[in-house]
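The values are calculated or read from the model by the stated rules, or taken from the named source; none is laboratory data. Fair warning: this is a prediction, and the values are worked out from it, not measured in the lab. Positions of Cβ are generated from backbone atoms using ideal geometry, with glycine treated the same way; all protein chains shown enter the neighbour counts.
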Amino acid sequence: MSEGYLFALAKLDNIGLSAVERGNDPSRDAIGGGSQAHPAIRRELPFGSDSVPARYQAAWQAMLTQCPSGVTPFVWEAAIYDAALLFGDFGSLLDEYRWTPGDLFDVPHDDGPGGLSWFIKGSPVVAIGRSMAQCQDGRIWRMASR
């Protein structure tokens, strides 16, 4: 048996699972074929994706992929967390009110504040309308005129 497999078995034994409960035949190699029972490997959706409406999925995935230039990793990660909370609280309303992906995800720049996810800065949105959002600290984000 490989060293990694033995280490994994030792870890399982430390939490009190016997070989029978694990469904493994200890005499077989982990990579070997046969009818060994193994835990199913599931692909999990990226962080926050379970409550992101379909119209925002592409922009959400792009935001998760890479920190934009000119933005510090700390600010980027905070914006990701804030956006995930926003979708959890108001995802269906954002979709119903037809907010655009840019309204939520546009990166801040010299002549503009960027999208709502960058504006939140740790103060959760408590009210949302068709063209504005109010954060818990009282700040109000308004949509750029279209």
Taking the criterion of being modelled with pLDDT under 95, out of contact with any strand residue (DSSP E or B) (no Cβ under 8 Å at 6 or more places or on another chain) and of a type outside the set (Gly, Ala, Ser), would at least one residue in the range 131-145 satisfy it?
no
Please work out if Ser51 is at pLDDT below 95, surrounded by fewer than 17 Cβ atoms within 10 Å (Cβ to Cβ) and in contact with a Phe, Trp or Tyr (Cβ under 6 Å, 6 or more places away or on another chain).
yes
Working only within the range 77-106, note down all residues that are hydrophobic (A, V, I, L, M, F, W, C) and more than 15 Å from Ala58 (Cα to Cα).
Ala78, Ala79, Leu85, Leu86, Phe90, Leu93, Leu94
Which of the helices (runs of 4 or more DSSP H) found entirely inside the range 49-135 contain at least 3 residues meeting this: of a type in the set (Asp, Glu) and out of contact with any Ser or Thr (no Cβ under 7 Å at 6 or more places or on another chain)?
73-96
